[in-house]
């Protein structure tokens, strides 16, 4: 009886984690449901790729962090623009959920400004909080919520938090096995 209960708990836990994982993958696939999202998602992905593999392969610099803060600002402005358009067109009304989304957009805007200020002041914490991998993850996870494709609920928050290490380490492993870009070999040492 105890063994059956144990396997029931283990299988239920596994299924819950599996469903969270599928939900997490669905967040990445969300632009397929709302193609207008591609206008911000594609620049985020392109910026991430070039910054991750051609600028930050050996670490984040102050200039990189400042640029990454600017990307967060641009995305948050796009989110506010999108929500304002829906509000102005009468598609959404100013309810609690919309207020939360505007608050998230404002918080990401402030985060971007904060990263830029820390980069300008050459504060070492910017090497951590201004890393493109963090900025991109935040933007990729929040954009589908803002665009009303993914609900902002406990399941989404759990999936985003639980699988961030997977996202981080997949990119880290790819970064380690990817060949050194010529840009590093050809750049003069300062």
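Bear in mind these aren't lab numbers, they're just calculated from the coordinates by the rules spelled out. Note that the structure is predicted; figures quoted are calculated from it, not measured. Every residue, glycine as well, gets a Cβ built from its backbone with ideal geometry; the counts of neighbours run over all protein chains shown.
Couple of notes before you dig in:
- GNM result for the chain, Cα springs below 10 Å: residue of 158, 141, 176 fluctuating most strongly: 176
- Taking 67, 12, 76 as the candidate residues, the one with maximal mean-square fluctuation in a Gaussian network model of the chain, Cα springs under 10 Å, is 12.
- Neighbour-count ranking [beta-carbon atoms within 10 angstrom, fewest first] of 121, 57, 101: 121, 57, 101
- As a proxy for reagent exposure, 33, 56 were ordered by neighbouring Cβ count within 10 angstrom, fewest first; the result is 33, 56.
- Across the chain, Cα pairs under 8 Å and at least six residues apart give a relative contact order of 33 percent.
- Ranked 89, 153, criterion: other C-beta atoms within 10 Å, fewest first: 89, 153
- Cα gyration tensor, the stretch 78-149 - rounded (a/c under 1.5), prolate or oblate: prolate
- Per residue of the chain, the DSSP helices (runs of n ≥ 4 H) give a summed -39500 (n - 2.57) that works out to -25000 deg cm²/dmol at 222 nm.
- Between 25, 15, 74, the Gaussian network model of the chain with springs among Cα atoms under 10 angstrom shows the greatest mean-square fluctuation at 15.
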